[in-house]
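Sharing a structure here in structure tokens format.
The values are calculated or read from the model by the stated rules, or taken from the named source; none is laboratory data. All values derive from a computational prediction rather than experimental measurement. When we count neighbours, we look across all protein chains shown, and the Cβ atoms used for this are built from the backbone with ideal geometry, even at glycine. Note: accessible area is taken over every heavy atom of the protein model, side chains too, but ligands, DNA and RNA are not part of it. Shrake-Rupley method; radii C 1.70, N 1.55, O 1.52, S 1.80 Å.
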Amino acid sequence: QVQVVESGGDLVQPGGSLRLSCTVAEAPFSLYEMGWYRQAPGKQRELVAQITAHGHAMYSKSVHGRFTISRDDGKNTVSLQMDRLKPEDTAVYYCNTAPGPIISWGQGTQVTVAA
């Protein structure tokens, strides 16, 4: 079974930055289009950033210009650099294939943006 491990979440003040990482084990990672999803309390999980196997990145309107997704196929990792964070970015962040998730969900990593 493919395993996904997310890390890097933390409590940060508004305007701050965080970098999330995700490692995917036991999978042809370089063939996958990967994405970062988030789920805020009481809301559905949403896709906020995705990157193709060729490195083309796409973002939701809510994070465009503030978040940057990247991948390292040699390490089976996908990262999310989050800048100018806002309280509404508070959520549990997950990685998975995109635009449709096909890997078992990991536990996610909590990002809390608060003064």
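Please find, in a Gaussian network model of the chain (springs between Cα atoms separated by less than 10 Å), the residue of Ser62, Ser17, Ser30 whose mean-square fluctuation is greatest.
Highest fluctuation of the listed residues: Ser62.
For segment 5-59, what is the largest minus smallest coordinate of the Cα atoms on each principal axis, given in angstrom and ordered from greatest to least?
36, 21, 20
Hey, what do the phi angles of segment 75-83 turn into as Karplus ³J(HN,Hα) couplings, whole Hz, using 6.51/-1.76/1.60 and θ = phi - 60°, x for Gly and Pro?
Computed from phi, the couplings for segment 75-83 are 10, 6, 10, 10, 10, 9, 8, 10, 10 Hz.
Further, regarding this structure: Would you mind working out the accessible area per residue for the chain, using a 1.4 Å probe, and quoting it in Å²? Present the calculation step by step, with values, prior to reporting the outcome.
Numbers: 6100 Å² over 115 residues.
Ligands and nucleic acids excluded, the figure is 53 Å² per residue.
Taking θ = phi - 60°, what integer Hz values does the Karplus form 6.51 cos²θ - 1.76 cosθ + 1.60 yield along segment 31-42, in sequence order, with x for Gly and Pro?
Coupling constants for segment 31-42: 8, 8, 7, 10, x, 10, 10, 9, 9, 8, x, x Hz.
Which aspartates and glutamates have a Cα lying under 20 Å from the Cα of Lys75, excluding residues fewer than 8 positions away in the same chain?
Glu6, Glu26, Glu33
Further question on the same structure: Subtract the Cα-Cα distance of Ser60 and Arg45 from 0.36 nm times their separation in residues, and report this length gain in nm to one decimal. Please report the intermediate quantities before stating the final value.
Working: separation 15, 0.36 × 15 = 5.40 nm, distance 1.29 nm.
Separation in residues times 0.36 nm, less the Cα-Cα distance, equals 4.1 nm.
Long-range amide H contacts for Ile103: which residues qualify at under 5 Å (H placed 1.01 Å from N, peptide plane, sequence gap of 5 or more or a different chain)?
Result for Ile103 returns Thr97.
Can you list the lysines whose alpha carbon is less than 28 Å from that of Lys43, not counting same-chain residues fewer than 8 positions off?
Lys61, Lys86
Segment 5-115: D in µm²/s via Stokes-Einstein (Kirkwood Rh, Cα pairs, 25 °C, 0.890 mPa s)? Spell out each step's value before the answer.
On the way: Rh = 13.8 Å.
My calculation gives 178 µm²/s for D.
Assigning unit charges at the beta carbon (Lys, Arg +1; Asp, Glu -1) and nothing else, what dipole magnitude in debye, to the nearest 20, does the chain show about its Cα centre? Could you put the intermediate results ahead of the total?
Values: 10 positive and 10 negative charges, 59 e Å.
So the dipole magnitude of the chain works out to roughly 280 debye.
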